[in-house]
1. Restricting to the stretch B:310-320, count the residues that are touching a helix residue (DSSP H, G or I) at 6+ places or on another chain (Cβ under 6 Å) and assigned to a helix (DSSP H, G or I).
2. Would you confirm, using the coordinates I've provided, whether residue B:441 is surrounded by 15 or more Cβ atoms within 10 Å (Cβ to Cβ) and within 26 Å of residue B:491 (Cα to Cα)?
3. Please specify each residue of the stretch B:85-103 satisfying the condition of being facing another protein chain (nearest Cβ under 9 Å), touching a residue at least 60 places away in the same chain (Cβ under 8 Å) and either within 26 Å of residue B:302 (Cα to Cα) or part of a loop (DSSP other than H, G, I, E, B) (or both).
4. Run down B:465, B:459, B:469 and say which single residue is on the phi > 0 side of the Ramachandran plot and not assigned by TED's automatic domain parsing to the domain that holds residue B:398.
5. Working carefully through the options B:139, B:123, find the one that is assigned by TED's automatic domain parsing to the domain that holds residue B:228, assigned to a strand (DSSP E or B) and over 27 Å from residue B:75 (Cβ atoms).
6. Taking only the stretch B:105-120 into account, find how many residues are part of a loop (DSSP other than H, G, I, E, B) and surrounded by fewer than 19 Cβ atoms within 10 Å (Cβ to Cβ).
7. Determine which single condition residue A:86 fails, assuming it passes every other condition in (1) under 26 Å from residue B:95 (Cα atoms); (2) more than 9 Å from chain B (Cβ to nearest Cβ); (3) surrounded by 10 or more Cβ atoms within 10 Å (Cβ to Cβ).
8. Counting only residues that are within 12 Å of chain A (Cβ to nearest Cβ) and either in a helix (DSSP H, G or I) or surrounded by fewer than 17 Cβ atoms within 10 Å (Cβ to Cβ) (or both), how many does the stretch B:55-84 have?
């Protein structure tokens, strides 16, 4: 398993919207590399013909019928919001996709 | 660059992603109402606004609708599919991820034949159709209100967050050349027709029920490597799709011909200016850090369910078109005119209500389209129904009113004066079919043009024209010109 480079750590931090100092980048690169290596040990335990498992319990097709259930009121929905206006959540404008 | 020149130098490759909002009663993963136009943040719950500890559950109807779409597009249905989290931070979803499908979409590998206005047919390969949830609606406030540039803050309504979406992705489409823009629009029109026929979506583009992202790239003729593509997001009308693709072909050709390079990015279409502008650089799929959604178990549709849905599929739009053209005995040109003007549904209903096909075609693609265009409206916004048109056509057909009065009645229907029969009765528009009254008017006109009868007797039938004109004028246009003509000739030969 390849090592996590400081650049990759910085990229991950930016995707996760976390600010990191140079010292933290070095420390996390070391720690994350160790974690990835440890998890990669699983590769040694199984042969390639075992399908990847995303859900450990053999269960499928749990559905909900298409029936309307009560929603929150607008007041309840906005009650946890730091800021709101005109019945909507108010957030900082972020220049990104529309 | 000039469009023809761009096509001379480059080959066009397009790819289309169409998002279809399903018209289920409830959202994809919770029981909140799926409806358009409600008060903001009233169709929300802990699941769709991502409160901690909430647990999603998949809407059975949404899965069945997705399977129906997949089958209608000739796709395979995955015996085992699962949901994934697509991680990104943007306030249109409060969860910080979109629940979507990544490596195991519900449907894959389909094809659809698309006819463009010229009559040429292209086969578009479908790569996949997957289930996901829609995002909330942002309103940008401050600066140039409504646009994100210069906005001071944004307001979020999560009513749409979690609404079921099916995203249909084509494989790269080659070989359409100059018709690539028309093909893109015709493809989206077909998808719209299909989901409407299936009854799984309201398919109203102006409400965003069907939205298209258009990928365009060009490469020099003969080059194997695909050019760098741009993705123009959320193009919301058929006409805009066509214009977007055409604009991007010309823009990219201009850059490449001048030695520049194309940046891989998302772009935005500006209907008012007819251009696209750069958005953000396109993220790699890796940056979304997809991983299997641990809160939802896999979806494994049984063979029985798939076959049951397949058996209940409605007639394919292409088959339906073929059938209707035959039933109505329309020429290829006439029929294409109807399809391209988007009146097929209206026409079918008008004929079902008793109008003759040719008359129904004439009204819809002629006067109604003209009036809609003049008002800059979509025909679906006009207050006229197929029943009205059938009634109007029948009134004309039976000779109760003539074409000219018919157009006047149509205008009155659009102005909200009621249905055609009522308008004709209210305004006394019925043509004068009383031969006595017509004869009186004819004699009056003949008195002023005494030589007409002689000319007709000499075989110059066109001489009747000026008398017909005078009679029509005397009758305020409410006379059957054909009958007037007959009576004049009778008089001449009497």
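1. Count: 2.
2. It is true that residue B:441 is surrounded by 15 or more Cβ atoms within 10 Å (Cβ to Cβ) and within 26 Å of residue B:491 (Cα to Cα).
3. Correct list: B:88, B:91, B:92, B:94.
4. B:459
5. Values: B:123 fails: over 27 Å from residue B:75 (Cβ atoms).
Exactly one residue qualifies, and that residue is B:139.
6. 4
7. (2)
8. 9
The values are calculated or read from the model by the stated rules, or taken from the named source; none is laboratory data. All values derive from a computational prediction rather than experimental measurement. All Cβ positions, even for glycine, are placed from backbone atoms using ideal geometry, and neighbour counts span all protein chains on display.
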